Amino acid sequence: MAFWRSKKSAADTAAAPATGPANTPVNDPESATSVPSDSPPPAPEPESAPANPEPAEKPKGGGVFSKITGGLQKTRRVLGTDIRDLFKSAGRLVDDEFLDELFARLIRTDMGTKPANLIRDEVAKKYRGRVVELEEVIQTITEEIRSQLRQDDGDLAKAKSGPTVILVVGVNGSGKTTSIGKLSHYLRAARYSLVLGAGDTFRAAAVEQLTIWSERIGCEIVKGNKGVDPASIAYQTVEKALEIKADYAIIDTAGRLQTQKNLMQELQKIRRVIEKKIPGAPHEVLLVLDATAGQNAISQAKGFSEAAGCTGIVLAKLDGSAKGGVVLPIRDQFQLPVKFVGLGEGMQDMAAFDPDSFADALLKG
Ligand SMILES: Nc1nc2c(ncn2[C@@H]2O[C@H](COP(=O)(O)OP(=O)(O)O)[C@@H](O)[C@H]2O)c(=O)[nH]1
Ligand SMILES: [Mg+2]
């Protein structure tokens, strides 16, 4: 298979100390350069893309399910084993003791007390006072998780005409740049043309990291020297997307916290310049969350998501966590759909979030 899926990822390589661009801060928008990739694109040529492409089809079926199943292996190993342990003999009486034990096992996946209580209540409502089989309980839990995860607007936005602009935000190291690489691959595979904007001008290594992704994917990148105003990069990325009639422009940003006032203002400026170029843009502001960061860290991102006007979540690094249940409090606390989940460092290790497949993968598979 031609797809690159090595443990030693592009992101790792790019995280090496900067050797490339000069470190002269330049604030002139003209200083940013648009560098077309010179490596052959692995995905189909843009020319072969349909003139009026439909929104990127969410891949459904076995492929996605097995990918999610693989990514959730650690969580499933814990949750599945824990729940099976409740059934030492064939059936078990559902009483307070059973329900308490079930609750304790559920919250080990970081799903939090509210979702776990709802599951406990559902199992109690259906089975209290009865002897049940393991499979019945698993089925009921799966259905309850499915219903808690249900969401509208899970699809990636697509502008009615012109380029769709996606801004990617979050704290340092959450997986923004890697997620952009994977999302770009996903969009290229769906025959969309795109331009990347290296808006994390804080570190030269961040620009290099995105450049490596653009070369692997075979798409254009707009970038500048370290220290360039990220708003000027955003502006020129959108300009480039308009010029070459790209379907998507995806703009990376430096990691930031809500408490960093100047950086939050910088984000507002980025939004303003994008909107000036294309009214209504950015069409999507994706918040990248690190699934391994724990429930508290994720809860703290709520204020950030509101301040930054986020429209959807990418939950990265689910593969590295045994706490995949964290998606439940995310759905509960953020009034935002989860759009993609990150399941590894490779180009293909991302899936459009599908609540049903996700719930199944948590417990079955
Ligand atoms: N296992 C795993 N690692 C990831 C995933 N997404 C990102 N990473 C790794 O997390 C680290 C930080 O990612 P990066 O994209 O640079 O974060 P950024 O600072 O938000 O741009 C890198 O080592 C990535 O390879 C994922 O879905 N799974
Ligand atoms: Mg980055």
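The values are calculated or read from the model by the stated rules, or taken from the named source; none is laboratory data. On a predicted model such as this, the values are computed, not experimentally measured, just so you know. We place every Cβ from the backbone using ideal geometry, glycine too, and count neighbours over all the protein chains shown.
Kindly establish whether Val326 is under 22 Å from Arg146 (Cα atoms), outside any loop (DSSP other than H, G, I, E, B) and assigned by TED's automatic domain parsing to the domain that holds Asn172. Taking the combined requirement at face value, the residue satisfies it.
A quick yes/no check of all residues on (1) surrounded by fewer than 17 Cβ atoms within 10 Å (Cβ to Cβ); (2) small (Gly, Ala, Ser); (3) within 16 Å of ligand 1 (Cβ to nearest atom); (4) within 31 Å of the chain's Cα centre (by Cα):
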residue	(1), (2), (3), (4)
Phe87	yes, no, no, no
Met111	no, no, no, yes
Lys114	yes, no, no, yes
Lys126	yes, no, no, no
Gly129	yes, yes, no, no
Asp153	yes, no, no, yes
Val165	no, no, no, yes
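Restricting attention to the stretch 305-329, the residues that are in contact with a Lys or Arg (Cβ under 9 Å, 6 or more places away or on another chain), away from ligand 2 (no atom under 16 Å from the Cβ) and either in contact (Cβ under 8 Å) with a residue 60 or more places away in the chain or not hydrophobic (A, V, I, L, M, F, W, C) (or both) total 13. Phe304 satisfies every condition listed in (1) within 20 Å of Phe202 (Cα to Cα); (2) modelled with pLDDT of 90 or more except (2). Counting only strands (runs of 3 or more DSSP E) wholly contained in the stretch 90-187, no element carries 3 or more residues that are away from ligand 2 (no atom under 16 Å from the Cβ) and touching an Asp or Glu at 6+ places or on another chain (Cβ under 8 Å). Scanning the stretch 248-264 for residues that are more than 16 Å from ligand 1 (Cβ to nearest atom), in contact (Cβ under 8 Å) with a residue 12 or more places away in the chain and surrounded by fewer than 23 Cβ atoms within 10 Å (Cβ to Cβ) gives a single hit, Met264. Number of residues in the stretch 308-365 that are out of contact with any Leu (no Cβ under 7 Å at 6 or more places or on another chain) and basic (Lys, Arg) equals 3.
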